[in-house]
1. In region 241-271, what residues are buried (at least 17 other Cβ atoms within 10 Å of the Cβ) and among the hydroxyl-bearing types (Ser, Thr, Tyr)?
2. Got a sec? Which helices (runs of 4 or more DSSP H) wholly within region 1-116 have at least 2 residues that are farther than 27 Å from Lys128 by Cα and among the charged types (D, E, K, R)?
3. Considering every residue within region 256-263, establish whether at least one is closer than 30 Å to Leu144 by Cβ and under 33 Å from the mean Cα position of the chain (by Cα).
4. When you scan region 64-113, how many residues do you find that are over 14 Å from Ile48 (Cα atoms) and of a type in the set (Lys, Arg)?
5. Here is a list: Ile255, Ile341, Ile337. Which entry is under 24 Å from Ile221 (Cβ atoms) and at pLDDT below 90?
6. Determine, yes or no, whether Ala62 is at pLDDT below 80 and surrounded by 13 or more Cβ atoms within 10 Å (Cβ to Cβ).
7. For region 222-242: of the residues being touching a residue at least 40 places away in the same chain (Cβ under 8 Å) and hydrophobic (A, V, I, L, M, F, W, C), which is nearest to Thr272 (Cα to Cα)?
8. Any residue in region 352-367 that is over 19 Å from Asp291 (Cβ atoms) sitting within a Cβ distance under 8 Å of a residue that is acidic (Asp, Glu) and assigned to a strand (DSSP E or B)? List the pairs, counting only those 6 or more apart or interchain.
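The values are calculated or read from the model by the stated rules, or taken from the named source; none is laboratory data. Note that the structure is a prediction, hence the values are computed from the model and not measured. Cβ placement follows ideal geometry from the backbone for every residue including glycine, while neighbour counts extend to all protein chains displayed.
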Amino acid sequence: MILIVDDKPENLVSLRGFLEHNNFEVEEASSGEEALRKVLKKIYSLIILDVQMPGMDGFEVAETILDYSKAKDTPILFLSAVNIDKEFITRGYQSGAVDYITKPFDPDILLLKVKTFNRLFEQTNQLKQVQKSLKREIEHRKDLEKKKDEFISIASHELKTPLTSMRGYIQLLERLINKENNKDLKIYISKVSSQINKLGDLVSDLLDISNMESGKMKLNIRPFSFEDMLNNSVDNIQQIFPNHIIVRKGSANIIYPGDEMRLEQVIVNYLTNAIKYSPDKLEIEIESIVDENWLEVRVTDHGIGISKELQEQLFEKFFRVEESSNRFQGLGIGLFICQEIIQRHGGICGVESKLGEGSTFFFKLPLKKVFVT
């Protein structure tokens, strides 16, 4: 819809006939005041304004329209037979007009300009609708993500309570069974205990993911003995998997400023993964290397290995090497969490692997400066 504004009826009739003949819908106003009243009620694709009118002139009308938020994007075209000097044309553009045409005008040129400004307004409107739609979609996704994080956090916390109780009852049963020396029951209880521990690990991983994505996970940075932490990690895993031999290589006898608990979590994850993916190979190697700039830890297994195509995806959230197999259980978030922890220390994670020959997972931490985010 185009609004034409002129105080002379003959001009309105002439311009209206011209525009309607070219398939444009038109409304008219015979004064600046009437034009403003119409603009307050309706959005127009183009406003064609006469400059010299009694009361409010065209410049004042244009300036007022552009101050009205709903009409500020409506293009204004000045059409004048009297005010054709350069100073008036300049003021017209300063008032916010997109063009200034003097009479007598070329009908073809006027039609071309009207079509252009009308199309630009429609395209701008369409773009705004797309932007609004995208904004709504983004807000919707943010709300869903927030609810998902809240659900994971609440569910994980709620699961921890019964898990703690179950562990307590299992310990009581183990004591009773030890007195009776019932081997079969010991095996069953051991299996139940193992599954509870796995469930506990999954709950902890979900909590870590939730805290990371919500920005609630903070690193507890303090100096600690890296060598002692490595030895402690190896000892703990060795007790859980006594049939595997974990070979220590190298030395990291330094005091490192970092989150000891989180870095131990990474090492334990690397070691348990190495054992899990090499069940028939009993030897695992863990090597620590310290040079001028980096502290590096490498965990090597001699298991199934990983193809080159999959190696780039290993540290992605919820990625599992064997999606179609139930042989290796888990949510596929352990390595993602490891990477987040190492990156928050300013370090990097990586993997070297060949199918059928085994894998080496490593991480490197900077020695000169720790970047915590």
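1. Within region 241-271, Tyr256, Tyr270 qualify.
2. Values: elements: 9-21, 32-41, 58-66, 86-94.
In region 1-116, 9-21, 32-41, 86-94 are the helices (runs of 4 or more DSSP H) which contain 2 or more residues that are farther than 27 Å from Lys128 by Cα and among the charged types (D, E, K, R).
3. Yes, region 256-263 contains at least one residue that is closer than 30 Å to Leu144 by Cβ and under 33 Å from the mean Cα position of the chain (by Cα).
4. Residues meeting the conditions: 4.
5. Values: Ile255 fails: at pLDDT below 90; Ile341 fails: at pLDDT below 90.
Exactly one of Ile255, Ile341, Ile337 is under 24 Å from Ile221 (Cβ atoms) and at pLDDT below 90, namely Ile337.
6. Numbers: at pLDDT below 80: no; surrounded by 13 or more Cβ atoms within 10 Å (Cβ to Cβ): yes.
Considered against the rule, which asks whether it is at pLDDT below 80 and surrounded by 13 or more Cβ atoms within 10 Å (Cβ to Cβ), Ala62 comes out as no.
7. Of everything passing the filter in region 222-242, Val234 is nearest to Thr272 (Cα to Cα).
8. Listed by first residue and then by second, the contacts come to Gly358/Asp301; Ser359/Asp301; Ser359/Glu352.
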